[in-house]
Amino acid sequence: MTPIDMTTLQPLAAPVWFVLFFKILGFILHMLLMNLWLVGLPLALFLHWRGSENARLWGSRLIRQMPIYITFGVNFGIVPLLFIQLLYPSAFYSATILMAWHWISVIILLIPAYYGVYLYVYTMKKDPMHVSGWRRAAGWCACLFFLAIGFLFMNAVVLTAQPELWNDIWLLRSVSGASVGIGSAIREPALFPRWGMMFALGFGTVAVWTLVDRNIFNRKMLNLQNTENVTDAEKESASAYLTWSARFARISALLGTALFVGCALPYANFVKNGASLGAVELPELVNLWIAGPVLVLAVVMFLARKTSVIAGLVALLAQITSLTVYACVRQWIQVLQLNDFLPLSEFTVRTDLGPMLLFLGSFVVGVIFLLWMIVTAVRCCKN
C-alpha cells in the first residue's frame, strides 16, 4: 500500500498523546462492560434455563443488571470510535467503506438486541426463575445479535490496521470500479485468534463480576450466615451460594486464561508487519498481554472464598489492569501496522484549546453523572 502524503491531511486539533489516551481509556471502559454481554449474557441465559438453584440465581442477577451494562457499554464504545476517526480517518473510512453493508447492519442488529434483553428482564420481574419460551428465545436472539455485532467490529478494526488487504478486497468486491460494500477480513488468519482473545478476556470479567456482585451488590445474602433471626435453611442457602460462586469464578478465570494463551500465541505468528518499535518485538508484547489474564487468575484463585468488599474491589482492580495492558498493547500493535501507511511521528498538530477545553469540561461533568448513576445502580441491585 502506497503511504499517504501526510501533508495532505488536516492537522490534528489535539496532541497525539491526548488522542491516544482517551481512545485507550474509552476502549478499556467499553471492554469491561462489553465482556459481560459477550460472555456473561450467554452463560447467564443458559444457567438460568438449565442450571442448579445457585446457577439460576447467578444467571438471574446478571440478567437483571444487563440493561445498565449494555447502556454504558454501547456509549463507552463510541469514545474509541470517535478518536480513531480523528487519528486515522483515512484508514478507518477506507476499511468501513469496503464493508459498508456489514457496518450499517450493526444498527439493525443493535436495536432488537436491546429490546430482547429488556423483554427478558421485564418478564423476570414477575417471576425471576421462570420465563416463557418466546421471551427466552428473545433473550437468545439478543445474545446472538451482540456476538454478531462484536464480530463485525472486529472485522472493521482488523481492516483498518491492515491497508495491504484493501486492494484484494476491492478487486473481489467491486462493480465498475466501485466497492459494493460486502468485503470483510474473514480470510485474514489473525482475525479469529484476535476474536478469541477478546472472548477469553470476557471469562475473566465474568469471574470478577461474580465476586463483585457477591461481595458488594449481594451482601445481604452473605450476612445471613451471621444473622440470628434467620432459619437454618436460609443460612445453608447462603453458604451454598458462596461455595458455588467461588468455584464458578475460579473455573471461569482458568478457562479465560487458557483460551487467551491459546489464541495469543498463534496471533503473534499470523500478524503481518510485526516490526519492532525500539527494542520491543511483537512476541514480547504478546507475553505482556498474557501477563494480564494470569494476574486475574491468581487474584481470583486467592480471593474466591473471601467475602469482604475489599476482596471484590481488588479483583475488579486486577481485571481493569489486565484490560489496560491489553488495550495499550493493542494500540501499540495498531501503530506498528499502520506505521508505513500513516506514520504517527509525521502527523501535524495544530492544538485548538477551545474544543479541547470544551471536551474536558464535558468529560468531567460526564464522570460525575456516571459515578452518581453507578452508585444508584449499586443500591438498586442490592437485595
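The values are calculated or read from the model by the stated rules, or taken from the named source; none is laboratory data. A quick note: this is a predicted structure, and the numbers were derived from the prediction, not measured. Cβ placement follows ideal geometry from the backbone for every residue including glycine, while neighbour counts extend to all protein chains displayed. Heavy atoms of the whole protein, side chains included, go into the accessibility calculation; ligands, DNA and RNA do not. Shrake-Rupley method; radii C 1.70, N 1.55, O 1.52, S 1.80 Å.
Okay, here's what the table says:
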{"read-out": "Lys, Arg +1 and Asp, Glu -1 on Cβ, resulting dipole of the chain about Cα centre, debye, nearest 20", "value": "1280"}
{"read-out": "Convex hull volume of the stretch 96-213 per residue (C-alpha atoms, cubic angstrom)", "value": "124"}
{"read-out": "Exposure rule at most 15 other beta-carbon atoms within 10 Å, DSSP loop GluC sites (Glu not before Pro): the chain longest free segment", "value": "1-227"}
{"read-out": "Dipole-positive endmost among Ser237, Ala258, Ala207 within the chain (Cβ charges, Cα centre)", "value": "Ser237"}
{"read-out": "Neighbour net charge for Gly59 - beta-carbon separation under 12 angstrom, K R +1, D E -1", "value": "+3"}
{"read-out": "Length gained when the stretch Glu346-Trp140 is fully extended (0.36 nm per residue, less Cα-Cα span)", "value": "69.4 nm"}
{"read-out": "Amide H contacts under 5 Å for Val349, placed H, 5+ residues apart", "value": "Leu12"}
{"read-out": "Residue-averaged 222 nm ellipticity for the chain, from DSSP H runs of 4+ at -39500 (n - 2.57), nearest 500", "value": "-26000 deg cm²/dmol"}
{"read-out": "Residue-span extension gain [Val294 to Ala240] - 0.36 nm each, minus C-alpha spacing", "value": "16.7 nm"}
{"read-out": "Distance between modelled label sites at Ile186 and Arg247, nm, 7 Å Cα→Cβ extension", "value": "4.0"}
{"read-out": "For the stretch 361-369, Karplus couplings with θ = phi - 60° (6.51, -1.76, 1.60), whole Hz, Gly/Pro x", "value": "x, 5, 5, 4, 4, x, 5, 4, 5"}
{"read-out": "Dipole of the stretch 1-142, positive direction: furthest Cα of Ile104, Ile70, Gln10, with charges on the beta-carbon", "value": "Ile70"}
{"read-out": "Residue pairs, from the table Lys125/Lys235; Lys126/Lys220; Lys23/Lys220; Lys23/Lys306, whose Cα atoms sit over 30 Å apart", "value": "Lys23/Lys220; Lys23/Lys306"}
{"read-out": "Probe 1.4 Å, protein heavy atoms only - accessible area per residue of the chain in square angstrom", "value": "48"}
{"read-out": "Estimated FRET transfer efficiency (Thr231, Leu82; beta-carbon r; R0 51 Å; 0.05)", "value": "0.40"}
{"read-out": "Extended-chain gain in nm, criterion 0.36 nm per residue less alpha-carbon gap, Phe359 and Ile111", "value": "86.5 nm"}
